[in-house]
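Student: One structure follows; several queries about it will come next.
The values are calculated or read from the model by the stated rules, or taken from the named source; none is laboratory data. Because the structure is predicted, anything quoted here is derived from the model rather than measured. Reconstructed Cβ throughout: ideal geometry from the backbone, glycine too, with neighbour counts over all protein chains shown. Accessible surface areas use protein heavy atoms only, side chains included; no ligands, DNA or RNA. Shrake-Rupley method; radii C 1.70, N 1.55, O 1.52, S 1.80 Å.
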Amino acid sequence: MILRVEEIGLSIEADDELLNSLVEKGKSHYPNEFGGFLIGYYSVDNRHLYITDTILPKSFKVSKFSFERSTKGIEKKLGTYYKKTPQKFYVGEWHTHPDISPIPSLTDISAVNAIINNQNVCLANPVLLIIGYSKTQVDFGFYVWFENKLYRYE
């Protein structure tokens, strides 16, 4: 799947196999939300993002309308990715919206702001993937924070 934000000239790519895996991981926690960290790398010109992997949190709190993950142990896992392939790093977050659409809530937008304002995270343009699903449909909402605005990839 390749998507773009024409207005700002950015694109994103993720394999269907990875996306299907995220859907299945999310559905295994139904009716609660679930999610994790996104790993990937950018093209040489930093305009195209390849999402390649996910890291799941060791501990988390969930409900039908919220997902709060811990960062415990994540630094070590990220270090492992970096040692194997130095170009891969943390690029953002993903989570599910069971039985509703993949539109960011105020909580989701606050979480993106927390990432940007976290002094331990060197990520100017975090990506947010929300997977909205029902029994019959799955919809992916890819977003990027760029120059103080959240844009949706189409």
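Student: Would the stretch 20-27 turn up any residue that is open to solvent by less than 10 Å² (accessible area, probe 1.4 Å), within 12 Å of the chain's Cα centre (by Cα), among the hydrophobic types (A, V, I, L, M, F, W, C) and at pLDDT below 95?
Tutor: no
Student: Here is a further query. Restricting the stretch 60-97 to residues that are of a type in the set (D, E, K, R), under 17 Å from the mean Cα position of the chain (by Cα) and not in a loop (DSSP other than H, G, I, E, B), which is modelled with the lowest pLDDT?
Tutor: Checking each candidate, the answer is Glu75.
Student: Given the conditions (1) closer than 14 Å to Gly26 by Cα; (2) open to solvent by 30 Å² or more (accessible area, probe 1.4 Å); (3) touching a strand residue (DSSP E or B) at 6+ places or on another chain (Cβ under 6 Å); (4) assigned to a loop (DSSP other than H, G, I, E, B), which single one is not true for Lys135?
Tutor: Among (1) closer than 14 Å to Gly26 by Cα; (2) open to solvent by 30 Å² or more (accessible area, probe 1.4 Å); (3) touching a strand residue (DSSP E or B) at 6+ places or on another chain (Cβ under 6 Å); (4) assigned to a loop (DSSP other than H, G, I, E, B), Lys135 violates only (3).
Student: Hey, can you tell me all the residues within the stretch 98-114 that are touching a Leu at 6+ places or on another chain (Cβ under 9 Å), part of a helix (DSSP H, G or I) and open to solvent by 20 Å² or more (accessible area, probe 1.4 Å)?
Tutor: Ile109, Ala111
Student: Right, next: List the number of the failed condition for Tyr30; all other conditions in (1) within 26 Å of Val62 (Cα to Cα); (2) open to solvent by less than 90 Å² (accessible area, probe 1.4 Å) hold.
Tutor: (2)
Student: Report yes if Leu129 is open to solvent by 40 Å² or more (accessible area, probe 1.4 Å), assigned to a strand (DSSP E or B), at pLDDT 80 or above and under 24 Å from Tyr41 (Cβ atoms), otherwise no.
Tutor: For Leu129, the condition - open to solvent by 40 Å² or more (accessible area, probe 1.4 Å), assigned to a strand (DSSP E or B), at pLDDT 80 or above and under 24 Å from Tyr41 (Cβ atoms) - is not met.
Student: Can I ask one more? Name the pairs: first residue in the stretch 61-90 and at negative phi and surrounded by 12 or more Cβ atoms within 10 Å (Cβ to Cβ), second residue assigned to a loop (DSSP other than H, G, I, E, B) and of a type in the set (A, V, I, L, M, F, W, C), Cβ to Cβ under 7 Å, at least 6 apart or on different chains?
Tutor: Close Cβ pairs satisfying both conditions: Val62/Phe34; Phe67/Phe34; Tyr90/Leu123.
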